[in-house]
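Provided herewith is a single structure, encoded as structure tokens, for subsequent inquiry.
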Amino acid sequence: MDREALKILLDAVAAGRLSADDAAARLRDLPYADLGFAKVDLHRALRAGGAEAVFCPGKTPAQVVAILKTLVVDHVNVLATRADDAIVAAVAAAGLPHAWHPLARLIVARPEPRDGIGLVVVAAAGTGDLPVAEEAAVVGEALGNRVERVIDCGVAGLHRLLAHRELLGEANAIIAVAGMEGALPSVIAGLVDRPVIAVPTSIGYGMSLNGLAALLAMLNSCAPGVSVVNVDNGYGAAHQASQINHLVAKIR
């Protein structure tokens, strides 16, 4: 249950449209619902601003569907990350309203368009980084942020990045996604006074070590204002950027 759903519930009780017993029945599963194979956190949106997401690898399609069914009762824009074709088919067969984003490998269950606040820019160094960058972008939009994408702007052709300098300077947070040598976040952080969230990807030749080289480069950035998430973790970067963006919007 998120803040808006809780407010609607309490307003209904206050107006006499819903009895206290019925409201208590709606709240009985807080803070979590025990499905046996999973304890689904129904309180997270109230605490952290976003509903619990479903990380699909390691779960059966039936388990993913059961968790989503539980979450969509009182949440919109519920995320299932790293979904495969079997999980997408199971969600569709279950009749769950959803949007499938194949590039991001992401399902948004009970999708609801939102007017995004502020601005988060997602910059992808290369076309090979797009799946991770698009995961970050779609998650950011689902969390209620205005998101702009900058594609194929890696440091091998710096002019491609400089063409977007004005947009980067308008952002409240920037997600920089890069594999190979992972230099993009340092360059961006040296150009603008905005927090940069660096996402190393597993894209690269042999000694990139599945993203370890980019991760270490980003951790050792000499540019201030760079934070780093795990390899290929567009989801985590989007949450951090969303928290910054919403905080800035609230203060303003």
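Only the coordinates and a few stated rules stand behind these numbers; no lab work does. Note that the coordinates shown come from a computational prediction; the quantities given were computed from them, not determined experimentally. Virtual Cβ from ideal backbone geometry, glycine too; neighbours counted across all protein chains shown.
Charges on Cβ only, +1 for Lys and Arg, -1 for Asp and Glu, centred on the Cα centroid of the chain; of Ala125, Gly36, Ala214, which one is farthest towards the dipole's positive end?
Of the listed residues, the answer is Gly36.
Now a separate question. Can you compute the label reach from Ala86? Point 7 Å from Cα along the Cβ direction, backbone N cut-off under 13 Å, restricted to the range 103-117.
none
Can you give me the relative contact order of the chain as a percent, contacts being Cα pairs under 8 Å and 6 or more apart?
13 percent
Using helices alone, I'd like the mean residue ellipticity at 222 nm for the chain: each DSSP H run of four-plus residues gives -39500 (n - 2.57), total over residue count, nearest 500.
-11500 deg cm²/dmol
Related question: I'd like the distance between the alpha-carbon centres of the range 127-192 and the range 35-80, rounded to an integer number of Å.
Each part's Cα centre sits 29 Å from the other's.
Then there is this: For the chain, please report how many Lys pairs fall under 25 Å Cα to Cα, leaving out neighbours fewer than 8 apart on the same chain.
So the count of such lysine pairs works out to 6.
Shifting gears a bit: Dipole size in debye (nearest 20) for the range 106-252 around its Cα centre, Lys and Arg Cβ +1, Asp and Glu Cβ -1?
About 300 debye.
A further question follows. Along each of its three principal axes, how wide is the spread of alpha-carbon positions in the range 176-228, in whole angstrom units, largest first?
Each principal axis gives a Cα extent; for the range 176-228 these are 34, 15, 13 Å.
List every residue whose amide H lies under 5 Å from the amide H of Val54, counting only residues 5 or more places away in sequence or on a different chain, with H placed 1.01 Å from N in the peptide plane.
Result for Val54 returns Leu79, Ala80, Thr81.
While we're here: How do the peptides 31-43, 115-127 rank, highest first, by the average count of neighbouring beta carbon atoms within 10 Å per residue?
115-127, 31-43
Continuing with this model, one more query. For a protection proxy built on the mean count of beta-carbon atoms within 10 angstrom, sort 199-206, 52-59 highest first, please.
199-206, 52-59
For the chain, with only Lys/Arg (+1) and Asp/Glu (-1) charged at the beta-carbon, what is the dipole magnitude about the Cα centre, in debye rounded to 20?
I would put it at about 320 debye.
For the chain, evaluate the Debye formula with one uniform point scatterer on each Cα (no solvent term) and list log10 I(q)/I(0) at q = 0.09, 0.10 Å⁻¹, rounded to two decimals.
-0.44, -0.53
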